[in-house]
Amino acid sequence: MKTAMPCVLTVNGGSSSIRFAVYEAGDTPRRRLDGKIDRIGLSGTNLTVTDPAGKLPGSRRLALADHGTAADFLLDWLETQPVFASVKAVGHRVVHGMKHSEPERVTPKLLAELHRITVYAPEHLPREIGLIEAFRRRHPKLPQVACFDTAFHRNMPRVAKLLPIPRRYAARGVERYGFHGLSYAYLMEELGRLDPAAAEGRVILAHLGNGASLAAVRHGKSVDTSMGFTPAAGLVMGTRTGDLDPGLVYYLARTERMTVAQFQKMVNHESGLLGVSGTSSDLRDLCAREASDVRAAQAVELFCYQVRKWIGSFAAALGGLETLVFAAGIGENAPLIRERICDGLGFLGIELNRKRNARNAPLISARAGRVRVRVIRTDEELMIARSVTRVLNLGSMRET
Ligand code: ADP
């Protein structure tokens, strides 16, 4: 009798996109298809799907979808796909779980808890809860698993978690959490596969996408990370400020009567590369205009300068450095940016091989450099699929 592997659907809801993928469950989940809905909240919301061979089995366009209608749009499409009958579970990337860090099956109790803690991640959690609830409404029997993006950093040393504000706030969970944990966990697994000794050593991981952060890792464990209480902290990003002088809050409230909501919007959506360039949050756009647009050039320079500073500071936190890993949209695809970040870091033993760097090769450091510099394609979806398979024990399941 023909057997069909149970499949896992992974869902990764971002600010203007939902990425999804279907994997055959197993020790090494195999991707059947992946896709994304982008331009959510903008005209021309788009769903595109690719299979592992890079073919395009589907695409659809909606006039305009918000986050609620985008979830229904995705479900409408998925339900017409033959593979959907094999989907036995859904795994979600969930930005924050406070005390919850291990991947966990979604129950009414967990959902209530996520609602309760939305104030800790107001930019992300409401949308992610919305996606879980949309699946629950249409497919109440389909198990769902929440995979928390904070998990990788949960055992950071106390000193890296503390915020220097009055003690009473720490008791309420106001501390540094760190994010991009699914990506970091994947990168460390990959590094362990490529070079087991390096994964046990002193490593800096640089996840540089629209959202960007770095993590300092020793003996496979997060020692520090640039994002903090929220994902708005740390490095300058596409539209987020990263770390900011706290004195600005008072200044803007007094001079512009800026409200808390306006401040939240500015630091998350109007700042970063977009704010400095005045034109785009997209690094590729800015690089293309650098020669003719001084503000674009300044935004790119600020990004490279800040990444370099974080690398220096994490090398100090680690007491040295053996491996530097670049990942995500910018980290994986932008040789010139990697070169500019690493320029001047020779004193740390970071030297790039120009040719390999230009090719986005897996190992881009020069032979003479003490630090091995790598490019690893991150895969948060695969990490989610592995977690769901493990939590629900799907790897041992067969459908006849
Ligand atoms: P996120 O998942 O956080 O939305 P991505 O990891 O997709 O973001 O990264 C998006 C960023 O990567 C954008 O700033 C984009 O310009 C940048 N990027 C992608 N490809 C290139 C490239 N070839 N050169 C420079 N930047 C690139």
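Among the residues of the range 262-272, none qualifies, meaning not one is under 27 Å from residue 376 (Cβ atoms) and touching a residue at least 60 places away in the same chain (Cβ under 8 Å). Looking at the structure I just gave you, is residue 90 of a type outside the set (D, E, K, R), surrounded by 15 or more Cβ atoms within 10 Å (Cβ to Cβ) and at pLDDT below 95? So residue 90 does not fit the description; no. The one condition from (1) at positive phi; (2) open to solvent by 80 Å² or more (accessible area, probe 1.4 Å); (3) in contact (Cβ under 8 Å) with a residue 40 or more places away in the chain that residue 98 does not meet is (2). For the criterion of being of a type in the set (Phe, Trp, Tyr), more than 23 Å from residue 319 (Cα to Cα) and either without any contact (Cβ under 8 Å) to a residue 40 or more places away in the chain or outside the structural domain of residue 92 (by TED's automatic domain parsing) (or both), residue 186 passes.
Helices (runs of 4 or more DSSP H) fully within the range 193-285 that include at least 2 residues being open to solvent by less than 40 Å² (accessible area, probe 1.4 Å) and more than 16 Å from the ligand (Cβ to nearest atom): 196-200.
In the range 120-129, is there at least one residue being surrounded by fewer than 22 Cβ atoms within 10 Å (Cβ to Cβ), hydrophobic (A, V, I, L, M, F, W, C) and more than 16 Å from the chain's Cα centre (by Cα)? Taking every residue of the range 120-129 in turn, at least one turns out to be surrounded by fewer than 22 Cβ atoms within 10 Å (Cβ to Cβ), hydrophobic (A, V, I, L, M, F, W, C) and more than 16 Å from the chain's Cα centre (by Cα).
Residue by residue, here is whether (1) within 15 Å of the ligand (Cβ to nearest atom); (2) surrounded by 15 or more Cβ atoms within 10 Å (Cβ to Cβ); (3) touching a residue at least 12 places away in the same chain (Cβ under 8 Å); (4) part of a helix (DSSP H, G or I) holds:
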| position | (1), (2), (3), (4) |
| --- | --- |
| 303 | yes, yes, yes, yes |
| 309 | no, no, no, yes |
| 315 | no, yes, yes, yes |
| 325 | yes, yes, yes, no |
| 329 | yes, yes, yes, yes |
| 340 | yes, yes, yes, yes |
| 369 | no, yes, yes, no |
| 383 | yes, yes, yes, yes |
| 388 | no, yes, yes, yes |
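Scan the range 244-267 and tell me whether some residue there is closer than 18 Å to residue 330 by Cβ and within 20 Å of the chain's Cα centre (by Cα). No, the conditions are met nowhere in the range 244-267.
The values are calculated or read from the model by the stated rules, or taken from the named source; none is laboratory data. Bear in mind that the values here come from a model prediction, so they are computed numbers and not experimental data. As a convention, Cβ positions derive from the backbone with ideal geometry for all residues, glycine included, and neighbour counts pool all protein chains shown. Heads up: the accessible areas ignore ligands, DNA and RNA and are worked out on the full protein's heavy atoms, side chains in. Shrake-Rupley method; radii C 1.70, N 1.55, O 1.52, S 1.80 Å.
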